[in-house]
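The structure appears right after this line, and notes come after that.
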Ligand code: ISE
């Protein structure tokens, strides 16, 4: 039984905690850490044998913790990964791997120096059956070479602290990882464009919606709309234009309702619901790999987390310059192939 320590039980961390306790075979949570002690204690109260450990470093070092789930605020991911790597403990790290490409590189270097792949990144869409099907069609070559992709990532609404930086490192980062995985290519150029901003943006430092344009090494252009206050629900779209046809991500199956001369289909309001199956699958894959003493090759690695960070850095640079920025990626090391 894999004994897991969870750092961070905010909205997403609580879901991860409950998922491990209730759904994942071969894993259980033995300790939880969070800056909000009251909340953490409420979350663990219904479960026997889960300890609250205030200091995240003490949790990582705890002898009853074999593996760490990092769901704390973004700026802390790098330091907790480095500590767990020192101890050779397995890590599930929510994105981003670090707040900067430089920081992500430190984590990758530490993992390589330790000689063992320990990190699985929480890029959940790699485990979503709809995205898997889309990827399989695109890489099968049946439709010819992929040329262009149109993506939309829409959240219903966000708290006022959501700004242009988080829109990239917290939201656009999913498109960045997913699209590079889906088409099997990496990015060489990135550009950010700010259209007219919605009145629903709650922060003067948040342009909403915004467009991120990525060019891959083979010349594909991927156009991502990031809209974090669209008001109406959680909506994810992706259409890939290939030489001999197009492939589009299916919408989740929902009941079709007809009433009073109206016809509608319900929507999920957040990503935790929308991607519930993907989260189940990624955590089961992580627990299985840790129990087998290996890593899950279908999941995103620390290197993928690093590539995403290099790309988000370039997008943030473009937000300031308004121009097209280089994405300075180097070849994937043998260790991550
Ligand atoms: C959040 O952190 C997620 O991971 C969601 O999937 C994404 O839709 C949202 O924009 C992020 O803030």
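Tabulated results
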{"read-out": "Residue 230 vs. criteria crowded, with 19+ Cβ neighbours inside 10 Å, assigned by TED's automatic domain parsing to the domain that holds residue 324 and not in a strand (DSSP E or B)", "value": "yes"}
{"read-out": "Search result, residues across segment 239-265 that are within 14 Å of residue 143 (Cβ to Cβ) and not in a loop (DSSP other than H, G, I, E, B)", "value": "239, 240, 241, 242, 245, 246, 247, 248"}
{"read-out": "Test set (1) in contact with a helix residue (DSSP H, G or I) (Cβ under 9 Å, 6 or more places away or on another chain); (2) closer than 20 Å to residue 275 by Cα - residue 22 fails condition number", "value": "(1)"}
{"read-out": "Per-region count, segment 155-197, residues touching a strand residue (DSSP E or B) at 6+ places or on another chain (Cβ under 7 Å), within 13 Å of residue 307 (Cα to Cα) and within 12 Å of the ligand (Cβ to nearest atom)", "value": "3"}
{"read-out": "Residue that is nearest to residue 211 (Cα to Cα), among those in segment 224-264 that are more than 16 Å from the ligand (Cβ to nearest atom) and in contact with a helix residue (DSSP H, G or I) (Cβ under 8 Å, 6 or more places away or on another chain)", "value": "240"}
{"read-out": "Counted residues, segment 132-169 - those being farther than 18 Å from residue 187 by Cβ and assigned to a helix (DSSP H, G or I)", "value": "9"}
{"read-out": "Verdict on residue 29 being farther than 17 Å from residue 303 by Cα and crowded, with 18+ Cβ neighbours inside 10 Å", "value": "yes"}
{"read-out": "Yes/no for residue 90 being within 15 Å of the ligand (Cβ to nearest atom) and either surrounded by fewer than 22 Cβ atoms within 10 Å (Cβ to Cβ) or in the same structural domain as residue 10 (by TED's automatic domain parsing) (or both)", "value": "no"}
{"read-out": "Subset of segment 19-50 (residues that are farther than 21 Å from residue 77 by Cα and either outside the structural domain of residue 73 (by TED's automatic domain parsing) or touching a residue at least 12 places away in the same chain (Cβ under 8 Å) (or both))", "value": "21, 23, 24, 25, 26, 27, 28, 43, 44, 47, 49, 50"}
{"read-out": "Selected residue (only one of 180, 192, 201 is assigned to a strand (DSSP E or B) and either at pLDDT below 95 or crowded, with 16+ Cβ neighbours inside 10 Å (or both))", "value": "192"}
{"read-out": "Matching entry among 118, 82, 97, 134 (being within 20 Å of the chain's Cα centre (by Cα), outside the structural domain of residue 281 (by TED's automatic domain parsing) and in contact (Cβ under 8 Å) with a residue 12 or more places away in the chain)", "value": "134"}
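The values are calculated or read from the model by the stated rules, or taken from the named source; none is laboratory data. All values derive from a computational prediction rather than experimental measurement. So basically every Cβ, Gly included, is an ideal-geometry build from the backbone, and we count neighbours across all protein chains shown.
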